[in-house]
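Just below is one structure, and these are the notes that go with it.
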Amino acid sequence: MSHEFNIGLCQMKVVSDKKINLNKAEEMIRRCAGEGCMLAILPEMFCCPYDTALFAEYAESSAEGPVYDLFSRLSCELGIIIVGGSMPERSQDGSIYNTSLIFNADGRLIGRHRKAHLFDVDIKGKISFKESEILKPGNEVTVVDTPLIKIGVGICYDIRFPELSRAMVLKGAELLIFPAVFNNVTGPAHWEILMRTRAVDNQVYVAGVSPSFAAGSSYQSHGHSMLADPWGSIAASASLGEELVIGSINLEKIYEIRASLPLLHHRRPKLY
């Protein structure tokens, strides 16, 4: 097992044409592989504008369809792990979820995270959004084992709930990944703080990947995809525009920090 490797954060522009989005995702994943990345991460709702009115129209099965086919083909061809941001997923009973598909470097689907905490907010005079109008919440903690690293996956609003991150870490996750579309109200206030805090609390790497800012969009993305390291420092970050950010993961750094500051060992779960 390699102790150090690169990951690609694909901060792509999402438009209303699904085919264009899939082509852009393929282009950026290929760029990741060309830059030597072993893992590529896409944004939340990478194939669909972040709009509850559109989720049903863009939804597809997590077991077949254009998104599944794209990730299975590319991960196998390029030998790269793909955390496929998220997409609207239609289950067999017709329910729609905000779902991330995770593919190993041999083309196999190895995990699926359905967003557990739905974004239902009303910040007076600034933003109102209600995912529960169309989406159902997932009910699982998602951790997958890969030849590189054990990965925990949450989606956007999931990062605000420290219990979920801690549950993933207690299941062995060393890298937490949050595809997200933080907006231009909550993003400047909380995005970086949350990324760094989850990294410090759990002594893991935390990657957050957002779509780029798109003028005229009904939901304005904050962008600023980033990687926080286990010490809470920002190891790599984007700005607002479309950008491929490459970050380095060093497993030894996790073990060194945990040895010198053994937070997880000092937990007292019987007390709290």
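What the table below lists for this structure:
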{"quantity": "Exclusive hit being of a type in the set (A, V, I, L, M, F, W, C) and modelled with pLDDT of 95 or more, set 45, 1", "calculated": "45"}
{"quantity": "Candidate set from segment 2-29 (those that are within 17 Å of residue 68 (Cβ to Cβ) and basic (Lys, Arg)); member that is least open to solvent (accessible area, probe 1.4 Å)", "calculated": "18"}
{"quantity": "Count of segment 97-131 residues which are in contact with a Phe, Trp or Tyr (Cβ under 8 Å, 6 or more places away or on another chain), assigned to a strand (DSSP E or B), open to solvent by 10 Å² or more (accessible area, probe 1.4 Å) and at pLDDT 95 or above", "calculated": "3"}
{"quantity": "Per-region count, segment 132-159, residues part of a loop (DSSP other than H, G, I, E, B), of a type in the set (Gly, Ala, Ser) and open to solvent by 30 Å² or more (accessible area, probe 1.4 Å)", "calculated": "0"}
{"quantity": "Single unsatisfied condition, residue 166 versus (1) at pLDDT below 95; (2) in contact with an Asp or Glu (Cβ under 8 Å, 6 or more places away or on another chain)", "calculated": "(1)"}
{"quantity": "Test set (1) more than 14 Å from the chain's Cα centre (by Cα); (2) small (Gly, Ala, Ser); (3) outside any helix (DSSP H, G or I) - residue 207 fails condition number", "calculated": "(1)"}
{"quantity": "Filter result (buried (at least 24 other Cβ atoms within 10 Å of the Cβ) and either in contact with a Cys (Cβ under 6 Å, 6 or more places away or on another chain) or closer than 22 Å to residue 12 by Cα (or both)) within segment 160-205", "calculated": "175, 176, 177, 178, 179, 180, 181, 182, 195, 205"}
{"quantity": "From the options 102, 155, 149, residue that is touching a residue at least 60 places away in the same chain (Cβ under 8 Å), among the aliphatic types (A, V, I, L, M) and closer than 26 Å to residue 17 by Cβ", "calculated": "155"}
{"quantity": "Qualifying residue in segment 60-80 (condition: under 16 Å from the mean Cα position of the chain (by Cα), open to solvent by less than 40 Å² (accessible area, probe 1.4 Å) and closer than 20 Å to residue 218 by Cβ)", "calculated": "no"}
{"quantity": "The lone exception for residue 216 - which of (1) out of contact with any helix residue (DSSP H, G or I) (no Cβ under 7 Å at 6 or more places or on another chain); (2) at pLDDT 95 or above it fails", "calculated": "(2)"}
{"quantity": "Hits in segment 82-95 - residues which are touching a residue at least 40 places away in the same chain (Cβ under 8 Å) and open to solvent by less than 10 Å² (accessible area, probe 1.4 Å)", "calculated": "82, 83, 84, 85, 86, 87, 88"}
{"quantity": "Residue list for segment 76-86, restricted to those being in contact with a strand residue (DSSP E or B) (Cβ under 6 Å, 6 or more places away or on another chain) and of a type in the set (A, V, I, L, M)", "calculated": "80, 81, 82, 83"}
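Let's see how each residue does on (1) in contact (Cβ under 8 Å) with a residue 40 or more places away in the chain; (2) surrounded by 15 or more Cβ atoms within 10 Å (Cβ to Cβ); (3) more than 14 Å from residue 208 (Cβ to Cβ):
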residue	(1), (2), (3)
221	yes, yes, no
225	yes, yes, no
230	no, yes, yes
236	yes, yes, no
245	yes, yes, no
252	yes, no, yes
256	no, no, yes
263	yes, no, yes
266	no, no, yes
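The values are calculated or read from the model by the stated rules, or taken from the named source; none is laboratory data. Only a predicted model underlies this, so the values are computations on that prediction, with no experimental measurement involved. Reconstructed Cβ throughout: ideal geometry from the backbone, glycine too, with neighbour counts over all protein chains shown. These area figures cover heavy atoms from the full protein model, side chains too; ligands, DNA and RNA do not enter into them. Shrake-Rupley method; radii C 1.70, N 1.55, O 1.52, S 1.80 Å.
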